[in-house]
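Notes follow the structure.
The values are calculated or read from the model by the stated rules, or taken from the named source; none is laboratory data. As the structure is a prediction and not an experimental result, all values here were calculated from the model. In this analysis, Cβ positions are derived from the backbone assuming ideal geometry, glycine residues included, and neighbour counts consider all displayed protein chains.
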Amino acid sequence: MSEEKYVPKSKLGQWFDSRLPLLTLAHHINDYPTPKNLNYWWTFGGILTFFLIIQIITGLVLAMHYVAHADLAFGSVEHIMRDVNYGWLIRYLHANGSSMFFLAVYIHIFRALFYGSYKAPREIIWIIGMLIYLLMMATAFMGYVLPWGQMSFWAATVITNLFSAIPLVGDSITSWLWGGYAVGSPTLTRFFSLHYLFPFLIFGLVILHIWALHIPGNNNPVGIDIKKPSKETVPFHPYIIIKDFYALLIFLIIFLGFVFFVPNVLGHPDNYIEANPMVTPSHIVPEWYLLPFYAILRSVPDKLGGVVVMFAAVFILMFLPWLDTSKVRSAVFRPLYKVFFWILVIDVIVLGYIGAKPPEGMYLIIGRISTIYYFVHFIVIMPLLGFKEKTIPLPLSISDPVLGDESKLSSEKQ
Amino acid sequence: MSSSYAFLTTVIVLLIIFLYLSWVFVSIKVVDKEQKKETSERRDFLFTASYALGAVGVGAAVWPLIDQMNPDASVKALATTEVDISTVGLGKTITVLWRGKPVFIRRRTQEEISKAQNVNLSELIDPQKDEDRVKKSEWLIMTGVCTHLGCVPLGEKGDFGGWFCPCHGSHYDTSGRIRKGPAPTNLEIPKYEFVDNNTIKIG
Ligand code: HEM
Ligand code: FES
């Protein structure tokens, strides 16, 4: 967003750009002023974009060999694994890629929670992000159904049955979702169709997400507004690109470590047994990235109640910009919020652990306490902190904390 | 269904065309009289009518796209199954697939039957007499789908000697009634009849 208007150098470039300003767009991304103090937690946006593309490319290739039919799907995935050239690699990239995608999105979301990136003027960025997250969950869930193993089948059954909790119309909705009286071939084919579509919807939302980001510009670890462009910013290229790349490389090493050495640890062995509508595996669990919500679902001893509370756990995040009453963005300057932030992180990890355990005895009790705490964090602690917390004075510029000049700290409490 | 659908959509399309033409007609009139500050009540009515009809039209256009997801004719055609039950021994269960769902056919022991009959109805989450759940008290026939989220419960398990659902821990008694856990209702009884002493027809 340099002040003077960009004009391409070549005649051809000028001709093209005056008809479709793609070069201006590229130039904007090139020059986009970015706070100079962004740390590695800010590299996950790039990592996420990369993984979306990986999923789309490997998915397209899988779709060339996969057959969406209840009698053939399981066999076609085995065929991909054994017969198709490099089929094993492509499938392992796709299956583990989805896990890495979620790992990255969770880090990205908790980054936003820590640095208050969801607050004004970035609410729309946050809400679009949440929509992306919802679509990701739907996409991954439907993808997991495609191999038509035991876990696929029973995950599909349990998740679609959540809708049967809706009073009056619940049963009509489930049979509409299934295209039958139980999960079966019609369910599989529609899930394939939607699993193919949703990533492209996500792609569209990602463009909106970045567009909305480029209006106010990036938040930063100090969380104060800065003038852009100024001495506080650096151009996106090459400074941020190179940092994003380095983080991506490290992340890729971890990703490929999974793909080549332990490609099945994140999956469930029962999914190598073909779907059988007569027998439910004795211990069914969702993929790891959905476990916290699964734990919340199970901690409520009532069908409708459990479903409502689980959906509430996701949707409450949408209202975060208004639940957080503090004007200070970054947790660096919020001594109390910082503590509660880490308690929330632990709480979510505990929920994930509980989600993988049978719902009985101690596990059930811990699950219930963690569920209650999850909601208390957002509904009670967050709004109250804004009024009660004594925040640390904010620096006037992001250079000050770097240069360690304490005298320049603004004395007013924001 | 399809001819009435065609009729309905045709009527809606014709109405929309009629509204569109009168809208154009009135607009021209109103523009003519603009200077004379003629109120446009007629236009307001036309707006409302157009929006309302437009909404119905969009609904009619979208309905086939939604309804195509409902169970289709071939799925509905598999509506009944006949099962030979002569080989089921006392205290044994067989499971058959009906409309993609497992159906339990259990030949109950005398002990199970009396246990099921002697429960005080006020103890039940979803009160129902055992007699109302069977046609012949020896034969308990029900859909083997947990009413919580659809897993298949395991037989002769759980705190009540009936069924236990491993997914989220629902316990059913020897009549398939929910006794403990997150499931809201008893295991469902499908429509069935005894064709003769050895055969039942489900559906
Ligand atoms: C947001 C991006 C995506 C995510 C998170 C995702 C996730 C998944 C997951 C979790 C599976 C199950 C993997 C397994 O256990 O085998 C899967 C399978 C599959 N996906 Fe995707 N996917 C994405 C994009 C796509 C796209 C764009 C396509 C097609 C163009 C596609 C085609 C397939 C196919 C054919 C399978 C079945 C083969 C298999 O099970 O490996 N996916 N997906
Ligand atoms: S599906 Fe049976 S208890 Fe949840």
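Kindly establish whether A:Met136 is within 16 Å of ligand 2 (Cβ to nearest atom) and at pLDDT 95 or above.
For A:Met136, the condition - within 16 Å of ligand 2 (Cβ to nearest atom) and at pLDDT 95 or above - is not met.
On the basis of being β-branched (Val, Ile, Thr), at pLDDT 90 or above, assigned to a helix (DSSP H, G or I) and out of contact with any strand residue (DSSP E or B) (no Cβ under 8 Å at 6 or more places or on another chain), does A:Ile392 make the cut?
Working: β-branched (Val, Ile, Thr): yes; at pLDDT 90 or above: yes; assigned to a helix (DSSP H, G or I): no; out of contact with any strand residue (DSSP E or B) (no Cβ under 8 Å at 6 or more places or on another chain): yes.
No: the conditions fail for A:Ile392.
Condition test on A:Gly352, is it of a type in the set (Gly, Ala, Ser), within 14 Å of chain B (Cβ to nearest Cβ) and assigned to a helix (DSSP H, G or I)?
Values: of a type in the set (Gly, Ala, Ser): yes; within 14 Å of chain B (Cβ to nearest Cβ): no; assigned to a helix (DSSP H, G or I): yes.
It is false that A:Gly352 is of a type in the set (Gly, Ala, Ser), within 14 Å of chain B (Cβ to nearest Cβ) and assigned to a helix (DSSP H, G or I).
Test of understanding: among A:Gly116, A:Gly149, A:Gly143, which residue is among the small types (Gly, Ala, Ser), in contact with a Ser or Thr (Cβ under 8 Å, 6 or more places away or on another chain) and farther than 20 Å from A:Asp324 by Cβ?
Unique residue meeting the criteria: A:Gly143.
Inspect segment A:178-200 for any residue being away from ligand 1 (no atom under 16 Å from the Cβ), among the aromatic types (Phe, Trp, Tyr), closer than 27 Å to B:Pro71 by Cβ and surrounded by 17 or more Cβ atoms within 10 Å (Cβ to Cβ) and give the result as yes or no.
Checked against the condition, which is being away from ligand 1 (no atom under 16 Å from the Cβ), among the aromatic types (Phe, Trp, Tyr), closer than 27 Å to B:Pro71 by Cβ and surrounded by 17 or more Cβ atoms within 10 Å (Cβ to Cβ), segment A:178-200 yields at least one hit.
Return the residue satisfying two criteria in turn: it lies in segment A:175-190 and is part of a helix (DSSP H, G or I) and closer than 21 Å to A:Pro281 by Cβ, and of such residues it is farthest from ligand 2 (Cβ to nearest atom). Quick ask: steps written out before the conclusion?
Taking segment A:175-190 first, the residues part of a helix (DSSP H, G or I) are A:175-178, A:185-190.
Then keep just the ones that are closer than 21 Å to A:Pro281 by Cβ; that gives A:178, A:185, A:187-188.
Values: A:Trp178: 16, A:Ser185: 22, A:Thr187: 17, A:Leu188: 21 Å.
Ranking the qualifying residues of segment A:175-190, first place goes to A:Ser185.
From the residues in segment B:86-100 that are within 18 Å of B:Pro153 (Cβ to Cβ) and more than 8 Å from chain A (Cβ to nearest Cβ), which one is surrounded by the most Cβ atoms within 10 Å (Cβ to Cβ)?
B:Trp98
Would you say A:Val61 is of a type in the set (A, V, I, L, M), within 22 Å of A:Pro321 (Cα to Cα) and part of a helix (DSSP H, G or I)? Steps first, answer last, please.
Values: of a type in the set (A, V, I, L, M): yes; within 22 Å of A:Pro321 (Cα to Cα): no; part of a helix (DSSP H, G or I): yes.
No; evaluated as a whole, the condition is false for this residue.
What number goes with the only condition from (1) more than 14 Å from chain B (Cβ to nearest Cβ); (2) touching a Leu at 6+ places or on another chain (Cβ under 6 Å) that A:Gly306 does not pass?
All conditions are met except number (1).
Only one of these is modelled with pLDDT of 95 or more, more than 11 Å from chain B (Cβ to nearest Cβ) and more than 25 Å from A:Gly129 (Cβ to Cβ): A:Leu177, A:Leu146. Name it.
Working: A:Leu177 fails: more than 11 Å from chain B (Cβ to nearest Cβ).
After applying the criteria, what remains is A:Leu146.
Out of (1) in contact with a Pro (Cβ under 9 Å, 6 or more places away or on another chain); (2) without any contact (Cβ under 8 Å) to a residue 12 or more places away in the chain, the odd one out for B:Lys76 is which?
The number of the failed condition is (1).
Residues to consider are A:Pro281, A:Pro277; find the one that is in contact (Cβ under 8 Å) with a residue 60 or more places away in the chain, within 16 Å of ligand 1 (Cβ to nearest atom), under 25 Å from A:Val145 (Cβ atoms) and not in a helix (DSSP H, G or I). Step through it out loud before you land on a result.
Details: A:Pro277 fails: within 16 Å of ligand 1 (Cβ to nearest atom).
Checking each option against the conditions leaves just A:Pro281.
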